[in-house]
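Here, each number is a calculation from the coordinates, and none is a lab measurement. Given the structure is predicted, the values throughout are model-derived calculations rather than measurements. Methodologically, a virtual Cβ is constructed for each residue, glycine included, from the backbone with ideal geometry; neighbour enumeration extends over all protein chains shown.
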Amino acid sequence: MEKILFPLLIILPLIAFTQNKGLEDKETKIEKLLSKLSVSLESNTQIYIDDKVLGDFRDPIPSFNLQDKKTRSNNYLNIDYRIIEGLTVGTQIESYEPLPLVSYYPGYKGTDITNYYINYKNKKWNITLGHFYEQFGSGLLLRAFEQRQLGLNNAIRGGRIKYNINEYINITALYGNNRIGFEHSKANLFGFDINTNLIGVFNINKIPRLSFGFSYVGKYEDFEPPIDIYNPDNIFDDTNFPELVNSYALRLGIDFGKLFIDTEYSVKGKDALFSSAALGLPKILEGRYFDGSAILLTTGYTVKGFGLSSTFRRLENMSFFSDRELSKPGANPFGMSNINFVPALTKQQDYSLANIYIYQAQPQLYIQNFAGQSGEIGGQIDVYYSFKKGTAIGGKYGTKLTINTSYWSLLDATFDQVNNQYNSELLKFGEKLYSDFNFEIKKKWNKRLSSMLFFQNMTINKNLAINGLYMSSNKELNANVIVAESIVKFNKGKSIRIELQHMSTKEDLKNWTGAALEYVFNRNLSLYITDIYNYGNDDKDKQIHFFNIGGNFTKNKVRIEINYGRQRGGLFCVGGVCRFVPENTGISMNINMLL
Amino acid sequence: MKNLLLFTFSLISIISMSQGLLPTSDIKYMDGKITNIEKLAKKNDLVVISLWATWCAPCKNELDAINEVYIDWVEETGVKLYAVSVDDSRTINRVKPLVNGRNWGFTVLLDTNNELRRELNSPSIPLTILIKNGKIVYRHSGYTPGAEYDLYEKIKKYK
């Protein structure tokens with residue numbers, strides 16, 4: 001709690017300063033200062049409540065549970081100050097007091113200055129010392145980013161130089177260590193990236209884009225050979241141990257206007273692998289190091305009123321962590337220390353029942369787990385179509401149709417678990433993990449009323465859907481989701497939104513239904529009531545309503561959201577990355593503001 | 001908790017005092033060319049920036065609604081709208097087909113690693129900002145049906 005005082009010490013002098021309005025020159029000084037300063041705060045507070053139905057509040061982390069703190073708050077304060085044109089300093093202070101919200105990485109404890117940087121920027125150069133975020137290509141080799149809802153922040157602390165040779169060629173070089181909670185990885189990262197648009201370089205006028213890119217990412221981490229305490233003569237042979245993992249990516253993209261194609265091929269250098277957790281404590285495999293690869297191919301075709309895109313991706317052993325220890329099976333439930341970003345390429349849905357069973361990408365290599373797995377292969381197709389105004393389906397205002405379908409399976413491979421070897425096929429699909437077909441139709445009937453209909457049919461490996469881990473078995477979970485929504489607009493910005501949902505499945509918790517009602521008073525204020533109800537649960541006591549009531553208030557630079565209710569437990573996913581959240585009940589308050 | 005409240009209160013008390021800086025994070029045109037908000041604001045007196053994503057239903061509703069009246073807005077006020085997609089590599093391939101599929105008539109830009117979104121401190125989208133002569137004069141997050149008319153009132157006010 002005392003650490004909260006630290007940010008206060010920074011802010012309070014400023015406030016004291018602003019209150020001294022006696023002297024005019026002082027006031028202009030303040031104005032000057034404030035015009036160069038940018039401050040923002042995000043605060044997510046939750047008060048957990050014991051629930052008659054779910055039982056008393058429990059934190060799954062035992063040491064946190066012992067502290068019995070039911071009011072928790074995650075806070076993020078950003079301060080950026082532009083010293084002179086082009087030169088900026090900034091910091092991020094994070095505060096998790098008295099403890100982080102339930103199911104966040106337990107290393108987020110207390111208050112700390114987590115990020116700080118100084119940046120110089122002009123037309124050609126962009127130089128940063130301190131923390132920075134970065135992405136090379138589609139992130140298959142490197143992506144440093146922040147996702148507060150999931151508690152992820154792998155910002156790199158070090159140095160980065162970006163140089164725009166001209167409008168068409170830019171290069172980036174970086175060095176540093178990833179953030180892991182309040183700490184930093186011991187592994188050093190080196191990166192280099194070049195992007196060019198060849199139409200500018202070779203003066204091609206016929207097409208809008210012909211792009212080429214190349215990336216290098218190196219990771220270096222010291223290795224101390226483990227000592228066998230039972231047999232000291234058994235010495236770990238560390239010849240050829242990959243302390244440095246060299247990875248490369250090539251990208252090529254072409255856009256003909258209507259048709260576009262983007263490709264990326266990445267190779268991850270040989271890296272150490274752990275033995276299975278099922279065989280006792282996982283150990284680094286001696287003398288067996290494995291490289292990985294990724295192929296990404298996207299094509300699209302668009303004309304006015306119609307858009308089509310398809311993606312194919314093959315991942316083999318593409319998990320890439322900065323800390324070797326965190327790649328150990330079971331050692332990293334919070335997904336910290338990722339260097340790259342390999343999200344599930346499926347569609348993220350808006351409706352709560354369509355978010356119960358979520359697919360997560362399977363890039364990892366496990367030779368000894370169950371029957372083994374070495375990666376995933378699959379793809380998805382998206383279609384966007386607008387029925388023209390004045391046609392039978394289009395009506396007076398036009399009708400919009402969106403279709404998405406995807407199919408993902410394990411890479412077909414054979415495993416020699418005794419000798420720690422495996423062999424994968426290039427383009428052969430192995431055991432099916434996920435398939436999905438969904439569509440959405442939106443129609444505006446008249447000036448006041450518009451409606452939406454959504455349908456989804458999906459099949460997913462049952463254990464992957466429930467626990468987030470693939471388990472080889474024939475058990476699949478099949479589910480159908482249907483959602484209907486209508487919005488009625490009234491005068492002066494008032495409107496009502498009504499939403500009805502249903503999910504049917506014969507597996508796991510079986511059928512659900514749900515409804516939502518939202519009333520908008522004006523653009524600043526809205527209130528909502530939602531409920532999802534697991535009426536199909538075999539256990540009558542678990543046929544629970546997850547009822548929520550809340551509201552949003554937003555004005556200029558402030559946004560406040562307050563909610564009271566019961567949250568469904570399970571995988572909580574944002575952008576194809578998931579964390580496990582237990583069922584809980586409480587009041588939450590999210591505040592967001594900007595200076 | 002008391003400290004937190006005090007801290008929050010202190011921040012609110014200085015919130016109304018400042019104009020804020022125009023963001024300088026790199027964003028990309030669909031053809032890969034790099035630009036930033038500061039540069040875009042220099043091209044036109046009156047600029048609307050809207051942060052959106054292919055997975056955000058209210059964002060698409062807002063841009064659909066603006067799209068229907070955008071030609072009139074431009075004619076009457078000379079405003080220019082830039083819709084900046086914050087889709088990351090998971091969904092970025094949907095941007096172009098969606099934009100064309102929906103016939104949007106404004107410029108769409110890309111903020112793939114969310115650096116602009118972070119600079120604007122916008123965990124929730126949509127976020128709409130109005131820039132007049134290089135200064136942010138209006139900011140609104142969220143979309144409710146009909147809010148595009150309020151935005152237009154602001155645009156006319158600063159014309």
For segment B:19-85, the Debye formula with one identical point scatterer on each Cα and no solvent gives log10 I(q)/I(0) at q = 0.12, 0.17, 0.24 Å⁻¹ as -0.36, -0.72, -1.19
Counting only residues 5 or more places away or on other chains, whose amide H sits under 5 Å from the amide H of B:LEU109 once H atoms are built in the peptide plane?
B:ALA83, B:VAL84, B:SER85
Expressed as a whole-number percentage, the relative contact order of chain A with C-alpha contacts under 8 angstrom and at least six residues apart is 9
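Given a cut-off of 19 Å, what percent of all Cα-Cα pairs of segment A:316-397 lie beyond it?
Values: 1957 of 3321 pairs.
Taking all Cα-Cα pairs of segment A:316-397, the fraction more than 19 Å apart is 59 percent.
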Residue by residue, what Karplus-based ³J(HN,Hα) values in Hz, rounded to whole numbers, does segment A:210-217 have, using 6.51, -1.76 and 1.60 with θ = phi - 60° and x for Gly and Pro?
9, 10, 9, x, 9, 10, 10, 10
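Set the Förster radius R0 to 45 Å, insert the Cβ-Cβ distance between A:VAL201 and B:ILE71 as r into 1/(1 + (r/R0)^6), and round the FRET efficiency to 0.05.
Values: r = 36 Å, r/R0 = 0.80.
The pair A:VAL201/B:ILE71 has a calculated efficiency of 0.80.
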Whichever lysines have a C-alpha closer than 17 Å to that of A:LYS389, once near sequence neighbours (fewer than 8 apart) are set aside
A:LYS304, A:LYS400, A:LYS442, A:LYS443, A:LYS444, A:LYS447
Count the DSSP beta bridges whose two residues both fall in segment B:22-157, then state the antiparallel fraction as a percent rounded to the nearest 5.
60
With each label point set 7 Å from Cα along the Cα-Cβ vector, what nm distance links A:LEU252 and A:ASN446?
5.7
Sorted by chain and number, the residues with a modelled amide H under 5 Å from that of A:LEU142, at a separation of 5 or more or across chains, are A:PHE136, A:PHE341
What whole-number distance in Å separates the alpha-carbon centres of segment A:151-182 and segment A:318-375?
23
Which FRET efficiency, nearest 0.05, do B:LYS33 and A:LYS396 yield, Cβ-Cβ r, R0 45 Å?
0.70
Within segment A:119-135, whose backbone N sits under 17 Å from a point 7 Å along Cα→Cβ of A:ILE113?
A:119, A:129-132
So what does log10 I(q)/I(0) come out to for chain A at q = 0.08, 0.10, 0.11 Å⁻¹, using the Debye formula with one equal point on every Cα and no solvent?
-0.69, -1.12, -1.37
Largest first and rounded to whole Å, the semi-axes √(5λ) derived from the alpha carbon gyration tensor of segment B:22-157 read 20, 17, 14
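Treat the count of other C-beta atoms within 10 Å as a stand-in for reagent exposure and order A:MET593, A:MET471 from fewest to most. List each step's numbers first, then the result.
Values: A:MET593 20, A:MET471 15.
Neighbour counts put them in this order, fewest first: A:MET471, A:MET593.
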Cα convex hull of segment A:348-486, projected area averaged across orientations, nm²:
9.8
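For the cross-link pairs A:LYS258/A:LYS396; A:LYS109/A:LYS186; A:LYS555/B:LYS156, which exceed 22 Å when the distance is taken from alpha carbon to alpha carbon? Spell out each step's value before the answer.
Numbers: A:LYS258/A:LYS396 28 Å; A:LYS109/A:LYS186 20 Å; A:LYS555/B:LYS156 19 Å.
Flagged as over cut-off: A:LYS258/A:LYS396.
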Under 21 Å Cα-Cα from A:LYS52, which lysines qualify once same-chain neighbours fewer than 8 residues away are excluded?
A:LYS69, A:LYS70, A:LYS540, A:LYS542
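Work through the residues other than A:PHE57 whose Cβ is under 13 Å from its Cβ and net out their charges, Lys, Arg +1 and Asp, Glu -1. Provide the component values of the computation, followed by the final result.
Values: positive: A:LYS52, A:ARG58, A:LYS69, A:LYS70, A:ARG72, A:ARG566; negative: A:ASP50, A:ASP51, A:ASP56, A:ASP59, A:ASP68, A:GLU583.
Taking every Cβ under 13 Å from that of A:PHE57, the sum is 0.
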Cα-projected label distance for A:LYS283 with B:ALA57, points at 7 Å along beta-carbon direction, nm:
5.4
Under 20 Å from the 7 Å Cα→Cβ point of A:TYR564, by amide nitrogen: which residues of segment A:73-103?
A:73
Diffing segment A:277-288: the Karplus 3J(HN,Hα) column from phi (6.51, -1.76, 1.60, θ = phi - 60°), in whole Hz with x for Gly and Pro, holds 5, 6, 9, x, 5, x, 10, 5, 5, 7, x, 10
Which ³J(HN,Hα) values in Hz, rounded to whole numbers, follow from the phi angles of segment B:103-113 under the Karplus curve 6.51 cos²θ - 1.76 cosθ + 1.60, where θ = phi - 60° and Gly and Pro get x?
6, 5, x, 10, 6, 10, 10, 10, 10, 4, 9
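Please tell me which of these pairs span more than 31 angstrom C-alpha to C-alpha: B:LYS43/B:LYS157; A:LYS36/B:LYS43; A:LYS124/B:LYS157; A:LYS36/A:LYS268; A:LYS29/A:LYS492; A:LYS219/A:LYS475? Intermediate results must be reported in sequence, preceding the final value.
On the way: B:LYS43/B:LYS157 20 Å; A:LYS36/B:LYS43 22 Å; A:LYS124/B:LYS157 37 Å; A:LYS36/A:LYS268 43 Å; A:LYS29/A:LYS492 42 Å; A:LYS219/A:LYS475 39 Å.
Pairs exceeding the cut-off: A:LYS124/B:LYS157; A:LYS36/A:LYS268; A:LYS29/A:LYS492; A:LYS219/A:LYS475.
Per the Kirkwood treatment, what hydrodynamic radius in Å, one decimal, follows for segment B:66-131 from the mean inverse distance over all distinct Cα pairs?
Values: mean 1/r = 0.0760 Å⁻¹.
For segment B:66-131, inverting the mean 1/r across all distinct Cα pairs yields 13.2 Å.
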Using modelled amide H (1.01 Å from N, peptide plane; none on Pro or chain starts), what sits under 5 Å from the amide H of A:ASP271, excluding residues fewer than 5 places away?
A:PHE290, A:ASP291
